[in-house]
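Trainee: Quick one: structure below, then a few questions.
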Amino acid sequence: MKAIRAEFPIFDAQGSPFHYLDNAATSQLCAPAAHALHAFETTARANVKRGVHKLADAATVAFDDARATMAAFVGAASPEEVIFTSGTTMSINMAARCLTPRLREGDEILLSELEHHSDIVPWQMAAQARGARVRAIPVTSDGRLDLEALPDLVGPRTRIVAVTHLSNVSGAVSDLSVIRAAAPEAIMLVDGAQRAAHGPIDVRAIGCDLYALSSHKMFGPTGAGMLWGRMDLLESLPPFLGGGEMIREVRIDGTRYADPPHRFEAGTPPIGAVLGMAAAARWLQSRDRRVLHDHEMRLTGRILDGLATLPGIRLVGPQGLQGRAGIVAFEVEDVHAHDVCQMLDGNGVALRGGHHCAQPLMRALGLVATARASLAPYNDDDDIDALIEGVGKVIERLR
Ligand SMILES: Cc1ncc(COP(=O)(O)O)c(C=O)c1O
């Protein structure tokens with residue numbers, strides 16, 4: 001795993017101590033993604049889809065390659081099912097806006113209490129516009145989806161189901177097959193923002209209709225992401241934004257739209273960031289994902305064991321390693337999460353503190369804020385030692 005660290009320029013740049021455990025907020029950029037971004041912007045920059053010169057042709061070919069790479073990354077049936085966006089938030093807003101006209105008064109959108117705000121607010125806006133109702137799968141006390149509640153929540157008016165693949169707070173992996181089976185008629189969107197860096201994605205095996213992710217959480221640049229959609233669904237949806245490159249023909253009295261994915265990609269896309277995202281996806285695909293997973297689980301186990309030895313810690317999420325990833329949120333009794341994070345920052349340990357854009361989850365679990373450590377393949381035992389030692393010091397000094 002040491003070799004992996006060398007592929008992330010941030011570690012040389014930051015020196016030490018530098019224990020970056022805030023990967024769920026944003027991960028670090030891998031060298032191949034940095035190279036792709038830099039090379040495009042400095043030596044190969046041109047606009048895509050509209051060029052009649054060599055540089056523009058080359059940019060368009062590279063952009064199309066990136067689409068094929070991202071299609072393979074999520075197990076899509078074809079590259080045309082991949083829509084490039086600026087990130088998960090934009091992807092879910094696009095999905096919600098495009099689906100809004102389908103909703104009727106009294107229809108239901110099923111979310112969960114585990115969701116990030118970006119998989120809640122866009123659906124509330126859609127529901128408000130059409131008189132539909134938002135419902136939510138509750139969570140268990142250990143931060144998993146309470147799937148036993150599903151039969152009471154799914155009914156003939158359930159039109160859309162939108163759930164996270166992996167919680168950015170509790171680290172719990174959702175059992176998507178149970179949700180799919182419970183609502184076979186509904187359009188199902190999966191928020192894969194956290195999953196992308198933590199395990200393989202196969203949208204056809206999941207059986208979902210839409211899947212959203214962000215480049216910056218999977219070792220690519222900021223500013224890019226994607227929405228995958230089943231082609232027959234995409235073909236039936238109206239565009240989200242109007243502008244250049246999403247049309248077939250424009251007249252003053254009306255416009256005929258392009259086919260997917262271009263219908264959903266108005267204007268100049270974040271080309272360099274998309275090429276970087278594809279390079280990051282290739283980097284991830286070239287790793288043995290089993291080895292990455294085992295490394296993550298071993299370090300997660302060390303965090304859970306280490307925190308369990310300290311007094312006054314409340315873990316938010318599954319106690320064991322089953323069905324979870326290396327995202328560990330915790331509360332130090334009587335100490336605000338921001339104080340925990342600030343003290344650890346003094347020792348070079350970067351955590352996230354707050355509600356993690358998941359206020360309904362915090363409310364459901366009776367919390368206001370937590371500290372959160374989240375792992376990536378470049379984390380090592382030193383990072384975990386520094387974390388546990390730092391939390392120990394917080395308890396000694398502040399509790
Ligand atoms: C589960 C989840 N969904 C959505 C998002 C939003 O992602 P972005 O800010 O990249 O749009 C995040 C970001 O933390 C997240 O963790």
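The values are calculated or read from the model by the stated rules, or taken from the named source; none is laboratory data. Computed from a prediction, not measured in an experiment: that's the story for all the values here. FYI the Cβ positions are ideal-geometry reconstructions off the backbone, even for glycines, and counts take in every protein chain you see. For the accessible areas, the whole protein counts, side chains as well, though only heavy atoms, and no ligand, DNA or RNA atoms are used. Shrake-Rupley method; radii C 1.70, N 1.55, O 1.52, S 1.80 Å.
Trainee: If I take R0 = 35 Å and measure r between the Cβ atoms of Glu396 and Glu148 in this structure, what FRET efficiency does the formula 1/(1 + (r/R0)^6) give, to the nearest 0.05?
Mentor: 0.25
Trainee: Multiply the residue gap between Arg133 and Ala58 by 0.36 nm, knock off their C-alpha separation, and tell me the result in nm, one decimal place.
Mentor: 22.3 nm
Trainee: Could you give the length gained on full extension between His338 and Met125, defined as 0.36 nm per residue of separation minus the Cα-Cα distance, in nm?
Mentor: Extra length from His338 to Met125 when fully extended: 73.6 nm.
Trainee: Probe radius 1.4 Å, ligands and nucleic acids ignored: give me the carbon and sulfur share of the accessible area of the stretch 143-241 as a rounded percent.
Mentor: C and S atoms contribute 52 percent here.
Trainee: Next question. Can you list residues whose amide H is under 5 Å from Thr158's amide H, if they're 5+ apart or on another chain and H is modeled 1.01 Å from N?
Mentor: Residues meeting the criterion, in which the H sits 1.01 Å from N, are Glu108.
Trainee: Within straight cross-link reach of Lys49, meaning Cα distance under 19 Å, which aspartates and glutamates are found once same-chain residues fewer than 8 apart are removed?
Mentor: Within the straight-line limit of under 19 Å, Lys49 reaches these aspartates and glutamates: Glu41, Asp57, Asp64, Asp65, Glu80, Glu81, Glu245, Glu249, Asp259, Glu265.
Trainee: Something else now. Determine which aspartates and glutamates satisfy two conditions relative to Lys393: a Cα distance under 16 Å, and not lying fewer than 8 residues away in the same chain.
Mentor: Glu331, Glu333, Asp334, Asp339, Asp345, Asp383, Asp385
Trainee: Something else now. Any idea of Asp334's accessible area? Nearest 10 Å², probe 1.4 Å.
Mentor: 140 Å²
Trainee: Order the following by accessible area, largest value first: Arg289, Arg256, Arg130. Probe radius 1.4 Å; ligands, DNA and RNA are ignored.
Mentor: Solvent-accessible surface, decreasing: Arg256, Arg130, Arg289.
Trainee: How much of the accessible area of the stretch 247-371, probe 1.4 Å, is carbon plus sulfur, in whole percent?
Mentor: 48 percent
Trainee: Tell me, what is the per residue accessible area of the chain in Å², probe radius 1.4 Å?
Mentor: About 42 Å² of surface per residue is accessible.
Trainee: Per 10 Å bin, what is the whole-percent P(r) computed from every C-alpha pair distance within the stretch 33-285?
Mentor: All Cα pairs, binned at 10 Å, distribute as 8, 31, 35, 19, 7, 1 percent.
Trainee: Which helices, taking whole DSSP H runs in the chain, have alpha carbons extending 18 angstrom or more along the helix axis plus mean Kyte-Doolittle at least -0.5?
Mentor: 54-74, 271-285, 289-308, 381-398
Trainee: Which percentage, to the nearest 5, of the DSSP beta bridges contained in the stretch 33-285 is antiparallel?
Mentor: 50 percent
Trainee: Now for a separate question. Quick one: go through the stretch 90-124 and flag any residue whose amide nitrogen is under 15 Å from the point 7 Å out along the Cα-to-Cβ line of Arg157.
Mentor: Residues 103-111 fall inside that zone.
Trainee: Put +1 on the Cβ of every Lys and Arg and -1 on every Asp and Glu Cβ in the chain; which of His216, Ala39, Phe240 then has its Cα farthest towards the positive end of the dipole?
Mentor: Towards the positive end, the residue furthest out is Phe240.
Trainee: Suppose accessible area is computed on protein heavy atoms with a 1.4 Å probe; arrange His338, His293, His216, His356 from highest to lowest.
Mentor: From most exposed to least exposed: His338, His293, His216, His356.
Trainee: Right, another one. Under a straight-distance cross-link criterion of Cα-Cα below 26 Å, which lysines are reachable from Lys2, leaving out those fewer than 8 residues away in the same chain?
Mentor: Qualifying lysines at Cα under 26 Å: Lys217.
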